[in-house]
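Here, each number is a calculation from the coordinates, and none is a lab measurement. These numbers come from a predicted model, not from an experiment. Note: ideal-geometry Cβ built from the backbone for every residue, glycine included; neighbour counts use all protein chains shown.
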Amino acid sequence: MHTHISTEQISLALDRRLSPQEQADAREHLTGCPTCRQEWDAWHVLGNRFAQAPLIGPAPGFVQRFEKRLQQRRAARRGLLGGVVLLTGSVSLWSLIALVGLIFGVSWVSAHPAWAGSVVQFAVRLAHTLQPLTVTLRLFINGLLQIPTPVLSITLGSGLLIMAVIWAQLVNWQRGRLSALPG
Ligand SMILES: [Zn+2]
């Protein structure tokens, strides 16, 4: 056999994955060929070194870092949930306050008609003071009423959508800030 043994064959021989005949041929070539013998020895030494090397485990602190990352992710999720709860909570709280105020106001006005008169007067005076504003508001409402219903609903719908997107962006930003927190 005059052709040298390929590196692949040496590797297979070291792993004992050659057929008995191939193994015998390789051994025979190795005894008579210093070039292949040298390569074989080199691979053999390398193979022994790999076998003796301890198993490569995770870097020190890997588990701790992983746990920390997990905790941060959980905290971020809690923050997101907290934001949603806060929003819905504050919305319902303010509607409750407005409702209670309305009930109190109505009962107070019906109990004090004279006071109610001055309140109305005050409101009228306020309206006069803020006339440019009320005119603008009336024009705006009139304009809204003149818009065909589909256009109005589309406009309102896209407005709501934009609000939702802004809210999502805010939540996302808050979440990103939370997960970037050290410690
Ligand atoms: Zn050879």
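See the values below:
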item: For the stretch 83-139: span of alpha carbons on each principal axis (Å, largest first); result: 41, 35, 14
item: Label-point gap, in nm, between residue 179 and residue 156 - each point 7 angstrom along Cα→Cβ; result: 3.7 nm
item: Stokes-Einstein D for the stretch 7-52, Kirkwood Rh over Cα pairs, 20 °C, 1.002 mPa s (µm²/s); result: 199 µm²/s
item: Principal-axis tilt of helix 34-52 within the chain, Cα atoms, nearest 10 degrees; result: 40 degrees
item: Ellipticity estimate at 222 nm from DSSP helix runs (n ≥ 4, -39,500 (n - 2.57)) divided over the chain, nearest 500; result: -29500 deg cm²/dmol
item: Cα-centre dipole for the chain with unit charges at Cβ (Lys and Arg positive, Asp and Glu negative), debye to 20; result: 1080 debye
item: Descending Cα extents along the principal axes, the chain, whole Å; result: 123, 41, 27
item: Normalised contact order of the chain, rounded percent, pairs of Cα under 8 Å and 6 or more residues apart; result: 29 percent
item: Residue-span extension gain [residue 45 to residue 126] - 0.36 nm each, minus C-alpha spacing; result: 19.5 nm
item: Chain lengthening between residue 164 and residue 7 when straightened (0.36 nm per residue, less Cα-Cα); result: 50.2 nm
